[in-house]
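Novice: Handing you a structure now.
Every number here is computed from the coordinates shown, using simple stated rules; none is lab data. Bear in mind the structure is a predicted one, so any value in this text is a computation, not a measurement. Cβ sites come from the backbone with ideal geometry, for glycine too, and all protein chains shown count toward neighbours.
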Amino acid sequence: PGFAAHAEDFALRYIVTGQIVTTESMNDGDQLRTLDANPLLISVTEPGGEATSSGDPSITINGIATIVKADITSFNLGVVHTIDAAHVPLWFGMSIVDVVSTNDSLRTLAMMIQRSPQLKSKLVGETDVTLMAPTDEAFQK
């Protein structure tokens, strides 16, 4: 599947609706609610601080992306900020089997899936699947 299969989910991580958020209105510690309901945490370093050599504040999103071009206005009363990094979730482009296999607390379930080709094919080939994944601890109860 890769990137294309999840492009919309990925984009929703960066869209804030219902408000125009300019860099002037951003404060250190602000949390902006995105369309996927995960907040974007704003960090502002004032001019002269470690993260900035210019006279402008440096604004970081989720501790990884810095706004490099700010306050680009659009015709439909929106604003765009370009950022220099994207937070790609670990699950991005992964099948359910991949997610289970890379989670240290799901080793028992991962082993069961690997031993059952029929189960594995259901979890890899199907779409719109929800797995309630018991942890290793749950199997020991």
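Novice: How much length is gained on full extension from LEU32 to LYS122, taking 0.36 nm per residue of separation minus their Cα-Cα distance? The partial results should precede the final answer.
Specialist: Values: separation 90, 0.36 × 90 = 32.40 nm, distance 3.69 nm.
Stretched out fully, the LEU32 to LYS122 stretch lengthens by 28.7 nm.
Novice: Add +1 for every Lys or Arg and -1 for every Asp or Glu among the other residues with Cβ under 13 Å from the Cβ of ALA133, and state the total. If you can, show how the numbers build up before the last one.
Specialist: Values: positive: ARG107; negative: ASP98, ASP104, ASP136, GLU137.
Net local charge, ALA133 excluded: -3.
Novice: Can you pull a Stokes-Einstein diffusion coefficient for the range 6-87 at 4 °C (1.567 mPa s), Rh from Kirkwood over Cα pairs, as a whole number of µm²/s? Could the numbers behind the result be given before it?
Specialist: Working: Rh = 13.3 Å.
Calculated translational D: 97 µm²/s.
Novice: Tell me the relative contact order for the range 6-87 as a rounded percent, counting alpha carbon contacts under 8 Å between residues six or more apart. Before the final figure, lay out the partial values.
Specialist: On the way: 136 pairs, mean separation 17.0, N = 82.
Relative contact order here is 21 percent.
Novice: Here's a follow-up. Count the net charge of all other residues whose Cβ sits under 11 Å from the Cβ of GLN114, scoring Lys and Arg as +1 and Asp and Glu as -1. Could the numbers behind the result be given before it?
Specialist: Details: positive: ARG107, ARG115, LYS120; negative: none.
That works out to +3.
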